[in-house]
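Quick notes on the structure that follows.
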Amino acid sequence: MRLQGKANMRKSLILLALAGALLSTTAFAAPRTDLTIGIQLEPTNLDPTTGGAAAAIRTVTNLNVFNGLTRIDKDGAVQPDLATSWDISPDGLTYTFHLKTDVKFSDGTPFSADDVKWTLDRDRGADSKSAQKQLFAAIASVDVVDPATVKITLSQPQGDLPYNLGWGDAVIVSQKTAETNVTNPIGTGPYILGEWVKADHLTLVPNPNYAGTKPALDKVTFKFISDPTAASSAVQAGDVDVFSGFPAPELLEQFKSNPDFQVIVGSSQGETIVAMNNAHPPLDNVKVREAIAHAIDRKAIIDGAQFGYGTPIGSFYPPGDPAYVDLTDLSNYDPAKSKQMLADAGVTDLTLTFKVPPAAYARASAPIIQQELADVGVKVNVVNVEWADWIANVFQGAYDYDLTMVSHVEANDFAAFGKPGYYPNYKADALNKLVADLNATTDPAKQISIKQDIQKQLANDFAAIYVFELPNITVANKDVQGLWVNAPQPTTDLSAISWKE
Amino acid sequence: MAEISIVPIEAPRGTLLSAALRSPSFVTGAIVTAIFVGVALLSFVWTPYDYAALDIPHKLRGLSGEHWFGTDQYGRDVFSQVIVGARTSIAVALIAVGLGVGIGTPLGLWAAAKRDTIFDELIMRANDLVFAFPALLIAILITSVAGPSATNAVIAIGIFNIPVFARLSRAAALSLWARDFILAARVAGKGRARISIEHILPNILNTLVVQITIQFSLGILAEAALAYVGLGAQPPTPSWGKMLADSQTLVGLAPHLAIIPGLCIVFTVLGLNLMGDGLRDIFDPRLQRSRQ
């Protein structure tokens, strides 16, 4: 009897202890350390230095897997990264970068000045496959002073060099692994690739060789959801914790009114344009391009396709920049003028092929553009294409399009318009001269004035129809903190993100 | 298809009409179908608004006297789009079924006339081959190779209608070939082709008519499905399937955008099926007898 009582008591004590243990784990539960981020587009590969222009490559890899000498922070300012500091010679032609010394690539290879030289030489070389070669155009030579110091000599002064080296395209890779970075990226960042299930998701896990502060998240999944409806359901169901670049602006009100979610609307560098193929007659005639620009009502597109989320732009420049000038009046909505100009140019029965990539803003804007051009007598054949097709046949290759619509999300990317063989086929002699002047200028006031001239040049040449600046819309679980509001570069800074306790 | 029995004897005309009017499903189906066809025809001469005209300040309005079915995300009048969409649906389905009947029936009749020869085998195995693929898959294949357009949707839907009518005609014709009146015609010296046209075809017509109504409703569904995945009529030509696809993210904000084209599809298909059911009852004396 007594014995049994003792046994019972012991049993209940154990139970009590167990219950206590359970309670304490719930009460003091550490914040979650896994995060699922939804993005609309899957990166085509994971090498930002050779892999093409797709922004999704940088969205996933920049600052997470790879680092550059510098980095662009959430406000668009230049911060040190692999370089701790840099000195500029008085003539502005020599930059000496002092590198971190304890950094290793994720395969264990130590990082040194040789990697910087090798990467930058490859990026600017004749065989470069960099999507943004113009970033490195001013570099005359890269010299290793010692393993922790690199000297970059320019052919002409370029005040933007530290900024340019902070792009996701300018990250430093190891020569040893450069060939395989497309599928197995080896960088210096806090994360490495876990798994990549094509067309579904990829995961990033902590880099065991990372010397810096361990990030709060130990498993990050990027889930690719291109369909706006599916994206919205995934957020609602909690399948993704964060959706960056949320593609359904019509549904934001519903998330705003739900206390379980936070909706962050910031600015991006995304000039959304309707590109016109300047090489296809009659679009080679600037008067015809101007006429078409006058047929497009920006307000209709922003309200109709973007539900008001977007800022009208009149040139290839983001409104948030200090050098911005509002040039929307040059191509104001004026269908009568548009008709008149088309008639004056002798254009009748014009039929244009509008290749629409799967981006939500483009698909939603296409019916409006089609109808507005129909109103001035221009027939538009809307052809929806997939990204691979768009990249291969519109952005590159045959430039097989008359009109297309896309958002250019990199900062200061106006110079790209002047690249030979860039998809709008814009005759850019005047622009290139201005860009050269800009690069040769170190005086900030003069830089601003040249940047304004550049905007005017692009606007007056109607190189494209500049429609709106794409807002950076993020919908997230209310407990996720550290998300960037603005998107100065396509980047997801995972080290800054954590869950609230 | 299997439940349709093949009866060669045509009922006298007067009885047919009165039988039809006594069949509630035929009458209901015919009225619903007539409404949709009427509205589609009306859209050629009149729509309340230009179906493609944008009016973005008045987007996503609900049902009202001004816009009977409200407006869509671009401020376009939904009623105008629905009635022009009816035109698209009906035209695509009609031509596609026409293709199926026009090609399938002669093939089936020929196969039956040349029963157990190499022609019969060739035609029927080719039919099996087309039949082996799910209809929508063929449609997607054709439209993605040839490019999305209403014409290609017609061809795609038409192609999968061919084996349906070929098989039906062959099966119906085969049972007739064994009948005495065909034997009499053969004894009289008529050729197989002539017998097929003069004696077989008139006697399988009612079977074909029933199948046509059913295929017609399937054609409307197929058109909507193709348009939904973006392979049907291209914008700005409205189409019910396209309207459904476009309304997806807006269901919470403006449910009428999804409900209205959805109901149109449901009612048209329902109407056609009821009509087909009614016709089958009327044409099938055995069913009539069992009802009496």
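The values are calculated or read from the model by the stated rules, or taken from the named source; none is laboratory data. Source: prediction; values computed, not measured. In this analysis, Cβ positions are derived from the backbone assuming ideal geometry, glycine residues included, and neighbour counts consider all displayed protein chains.
How about region B:15-48: which of its residues are of a type in the set (Phe, Trp, Tyr) and either modelled with pLDDT under 90 or more than 19 Å from residue B:83 (Cα to Cα) (or both)? Full working, then the answer.
So the first thing to find is which residues in region B:15-48 are of a type in the set (Phe, Trp, Tyr), and the list is B:26, B:36, B:44, B:46.
Answer for region B:15-48, where residues must be of a type in the set (Phe, Trp, Tyr) and either modelled with pLDDT under 90 or more than 19 Å from residue B:83 (Cα to Cα) (or both): just B:26.
Collect the residues in region A:346-372 that are more than 11 Å from every other protein chain (Cβ to nearest Cβ) and under 30 Å from the mean Cα position of the chain (by Cα), keeping them in residue-number order.
Initially, region A:346-372 is screened for residues more than 11 Å from every other protein chain (Cβ to nearest Cβ), giving A:346-353, A:355, A:357, A:359, A:361-362.
Correct list: A:352, A:353, A:355, A:357, A:359, A:361, A:362.
Tell me, please, whether a residue that is crowded, with 20+ Cβ neighbours inside 10 Å, in a strand (DSSP E or B), among the aliphatic types (A, V, I, L, M) and modelled with pLDDT of 90 or more can be found in region A:454-466. Let's see the steps before the verdict.
Taking region A:454-466 as the starting set, the residues that turn out to be crowded, with 20+ Cβ neighbours inside 10 Å are A:454-455, A:457-459, A:462-466.
From what is left, the residues that are in a strand (DSSP E or B) are A:464-466.
Cutting the leftovers down to among the aliphatic types (A, V, I, L, M) gives us A:464-465.
Next, only the ones that are modelled with pLDDT of 90 or more stay: A:464-465.
Yes.
Select from region A:327-336 the residues that are within 18 Å of residue A:463 (Cβ to Cβ) and in contact with a His (Cβ under 8 Å, 6 or more places away or on another chain) and write down the one among them that is surrounded by the most Cβ atoms within 10 Å (Cβ to Cβ).
Kept after step one, since they are within 18 Å of residue A:463 (Cβ to Cβ), are these residues of region A:327-336: A:327-332.
Then keep just the ones that are in contact with a His (Cβ under 8 Å, 6 or more places away or on another chain); that gives A:331-332.
Details: A:331: 25, A:332: 14.
Ranking the qualifying residues of region A:327-336, first place goes to A:331.
Only a single item in (1) assigned to a helix (DSSP H, G or I); (2) closer than 14 Å to residue A:137 by Cα; (3) over 18 Å from the mean Cα position of the chain (by Cα) is not met by residue A:420, and it is number (1).
What do you reckon, is residue A:324 more than 12 Å from chain B (Cβ to nearest Cβ) and surrounded by fewer than 21 Cβ atoms within 10 Å (Cβ to Cβ)?
Considered against the rule, which asks whether it is more than 12 Å from chain B (Cβ to nearest Cβ) and surrounded by fewer than 21 Cβ atoms within 10 Å (Cβ to Cβ), residue A:324 comes out as yes.
In the set (1) within 14 Å of chain B (Cβ to nearest Cβ); (2) touching a residue at least 24 places away in the same chain (Cβ under 8 Å), residue A:414 fails one condition alone, (1).
Out of A:307, A:316, A:354, one residue alone is assigned by TED's automatic domain parsing to the domain that holds residue A:461, under 28 Å from residue B:232 (Cβ atoms) and touching a strand residue (DSSP E or B) at 6+ places or on another chain (Cβ under 6 Å). It is A:354.
Would you say residue A:253 is in a helix (DSSP H, G or I), without any contact (Cβ under 8 Å) to a residue 12 or more places away in the chain and closer than 22 Å to residue A:483 by Cα? Spell out how you get there, then give the answer.
On the way: in a helix (DSSP H, G or I): yes; without any contact (Cβ under 8 Å) to a residue 12 or more places away in the chain: yes; closer than 22 Å to residue A:483 by Cα: yes.
Yes: the conditions hold for residue A:253.
Going by what's in this entry, would residue A:437 be described as free of Cβ contacts under 8 Å to residues at least 60 places away in the same chain and either farther than 20 Å from residue A:268 by Cβ or not assigned by TED's automatic domain parsing to the domain that holds residue A:355 (or both)? Considered against the rule, which asks whether it is free of Cβ contacts under 8 Å to residues at least 60 places away in the same chain and either farther than 20 Å from residue A:268 by Cβ or not assigned by TED's automatic domain parsing to the domain that holds residue A:355 (or both), residue A:437 comes out as yes. Consider region A:400-428. How many of its residues are among the hydroxyl-bearing types (Ser, Thr, Tyr), over 22 Å from residue A:306 (Cβ atoms) and crowded, with 20+ Cβ neighbours inside 10 Å? So the count comes out to 3.
Checking residue A:135 against (1) farther than 28 Å from residue A:94 by Cα; (2) in a helix (DSSP H, G or I), which single condition isn't satisfied? Here residue A:135 meets the rest and fails (1). Under the condition of being within 24 Å of residue A:401 (Cα to Cα) and among the basic types (Lys, Arg), the residues counted in region A:297-355 number 3. Report yes if residue A:183 is in contact (Cβ under 8 Å) with a residue 40 or more places away in the chain and at negative phi, otherwise no. Considered against the rule, which asks whether it is in contact (Cβ under 8 Å) with a residue 40 or more places away in the chain and at negative phi, residue A:183 comes out as yes. Can you work out which of the residues in region A:241-269 that are among the aromatic types (Phe, Trp, Tyr) and within 13 Å of chain B (Cβ to nearest Cβ) is farthest from the chain's Cα centre (by Cα)? Checking each candidate, the answer is A:255.
Within region A:373-382, the only residue that satisfies the criterion of being facing another protein chain (nearest Cβ under 9 Å), without any contact (Cβ under 8 Å) to a residue 60 or more places away in the chain and not aliphatic (A, V, I, L, M) is A:381. In region A:218-240, the residues that are away from chain B (no Cβ under 12 Å) form Cβ pairs under 7 Å with partners that are among the charged types (D, E, K, R) and in a loop (DSSP other than H, G, I, E, B), at six or more places apart or across chains, as follows: A:224/A:42; A:224/A:200.
At least 1 residues that are under 25 Å from residue B:77 (Cβ atoms) and either within 14 Å of another protein chain (Cβ to nearest Cβ) or touching an Asp or Glu at 6+ places or on another chain (Cβ under 7 Å) (or both) in each: list the helices (runs of 4 or more DSSP H) lying fully within region B:178-280 that qualify.
Details: elements: B:180-187, B:192-195, B:201-228, B:240-246.
Helices (runs of 4 or more DSSP H) meeting the threshold: B:201-228, B:240-246.
State whether one or more residues within region B:91-99 are at pLDDT 90 or above and within 13 Å of chain A (Cβ to nearest Cβ). No, region B:91-99 has no match at all.
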